[in-house]
Amino acid sequence: MAESPLFSASGVPSTEMQQHIINIAEKLRQSLESKLESESREKLTTYVEQGFNALTARMAAGIPESVRQQMLQAVIDETLGFGPIEPLLNDDSVTEVMVNNSQQVYVERGGKIFLSEVRFLDDEHVVRVIERIIRPLGRTIDRRWPLVDARLPDGSRVNAVIPPCAVDGPNITIRKFSKKKLSVEDLIRFNSLSPAMAEFLKACVVSRLNIVVSGGTGSGKTTLLNVLSGYIPNDERIVTIEDAAELQLHQEHVVRLETKPPEPTDPQGRSVAIRDLVINSLRMRPERIIVGECRGGEALDMLQAMNTGHDGSLTTIHANTPRDTISRLETLVLMAGLDLPINVVRKQIVSAINLIVQQARLRDGSRKVTNITEVQGLEGETVILQDILSFEDQGEQDGKVMGRFRPSGVRPSFMPQLKQHGFDLPAYIFMDKESSIIGGHRR
Ligand SMILES: Nc1ncnc2c1ncn2[C@@H]1O[C@H](COP(=O)(O)OP(=O)(O)O)[C@@H](O)[C@H]1O
Ligand SMILES: [Mg+2]
């Protein structure tokens, strides 16, 4: 392809070219106004192409065809899509797009974050794209409420902040929806967990243990929750509760609930929170409750549900270690505002939660289950945690974290419960011998 100073080698336009593209797109948007919401994307693309050809007919002679094609694509993106970030959204290897300000756009690829070449013209350009993203969703953003959190029709999550809250200019964060959720086979292939761990976790889910997946943002909590949920037998009634429906369950008997922001037109501004949905779900005769993430007072309702017969429930929590998960849970329960004494809270936690599965994104970008930890009980004030399996970090080789999954040698105290459900797990799962994964390879 001929290189041109008007577009960089990777197809990013120069400032001058971008201004030109925006001008053309603005004209086209005005002339298409009435059609933009009603016509199909294909038809609109044809209109844009025709309009572009007409508007550029005079200059077309002077520019190489390859550049003209690049311009056309950029004009289509600017008129119908989300402008400069549209190519990133269409690139399946990109999992997250982060616009820090008009001049700084980062992307996540393969678990790692890179600065991209993409630029917006200026702050107004970013705001126009934000508005284009949220308007079809019936959402607004302005100085009075300069934050918006929304979900695109394809399931991707969008967050945007504009001034005065955004200090260095408007920003956008888009977590792209992965069309295909990773399966347990994928996770095993990526060495995120061992086959033995998968087998153990399956037994725990089927045997109705209450399980919390904990980890940092982007560590793979939702992915693992999805995999664990997949182990729930097909004849059990499942209610899922999420901020934005991400879980993809294949069972037949599933009811999916999602939170809702306040209606823009509702003066009371009522929203439906996770907590409202958890409370509501108890009246829906659930056999399993799956809460996408506990981040507030719903933790209390969740624990109470787990303690009153809705066992086998699953959720995720933002925490960096199993111990941290317990203190995070304590904090969340206190957010319910019931003024419970801490030892009561701890008792609730300990009797509700059986297992913590800790997920982490390691420094090389890989995701791993770093601990499978049993919550054993309370000794005085202290919650007793016992690792069943953990990942032993053995340093780096060629930029990759090496290590192995190591059983602690301690069998979980809920073995009888697994047995009752027909799981007679082989002893090697719990014994430390060299049958686990070393580095990338199983021996
Ligand atoms: N074990 C894994 N190996 C590689 N990529 C993963 C793994 N688990 C999740 N991912 C990817 O990481 C990104 C974040 O995962 P997600 O489950 O949404 O994280 P969280 O819920 O912790 O924020 C997604 O793009 C997902 O496909
Ligand atoms: Mg998540």
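Quick note: the coordinates plus some simple rules give every number you see, no bench work behind them. Keep in mind the model is a prediction, meaning the values are calculated, not measured. Reconstructed Cβ throughout: ideal geometry from the backbone, glycine too, with neighbour counts over all protein chains shown.
For the reader, a short list of remarks on this structure follows.
- Between residue 410 and residue 180, the modelled labels are 4.0 nm apart [label points 7 Å from Cα along Cα→Cβ].
- The chain - Kirkwood radius from inverse mean 1/r over Cα pairs (Å): 24.5 Å
- FRET efficiency for residue 53 and residue 19, using Cβ-Cβ distance with R0 set to 25 Å, rounded to 0.05: 0.80
- Sites residue 364 and residue 34 - FRET efficiency at Förster radius 56 Å, r taken between beta-carbons, to 0.05: 0.60
- Kirkwood-based shape ratio for segment 310-382, expressed as Rg/Rh from alpha carbons: 1.01
- Extension gain, residue 137 back to residue 271 (0.36 nm per residue minus Cα-Cα distance, nm): 46.6 nm
- Rounded to the nearest 10 degrees, the inclination of helix 123-134 to the longest alpha-carbon principal axis of the chain is 60 degrees.
- A straight chain from residue 10 to residue 394 at 0.36 nm per residue would run longer than the Cα-Cα distance by 134.4 nm.
- DSSP beta bridges in the chain [antiparallel fraction, %, rounded to 5]: 70 percent
- Label positions at residue 253 and residue 124, each projected 7 Å from the Cα along the C-beta direction, are separated by 5.9 nm.
- Pairwise FRET efficiency - residue 282 versus residue 423, Cβ, R0 = 35 Å, nearest 0.05: 0.80
- Reduced Cα scattering model of segment 337-420, Debye log10 I(q)/I(0), q = 0.25 Å⁻¹: -1.16
- Annotation: for a label point projected 7 angstrom from Cα along Cα→Cβ of residue 144, residues of segment 258-300 with backbone N closer than 13 Å are 264-269.
- By average C-beta atoms within 10 angstrom, highest first, the peptides 229-236, 117-124, 192-199, 352-359: 352-359, 192-199, 117-124, 229-236
- Relative compactness, segment 82-178, computed as alpha-carbon Rg over 2.2 N^0.38 Å: 1.00
- As a length-normalised measure over Cα pairs under 8 Å and 6 or more apart, the relative contact order of segment 184-442 settles at 19 percent.
- Helix 41-60 and the longest principal axis of the Cα set of the chain meet at an angle near 40°.
- Ellipticity at 222 nm from helices only: DSSP H runs of n ≥ 4 in the chain, each -39500 (n - 2.57), divided by the residue count, give -10000 deg cm²/dmol.
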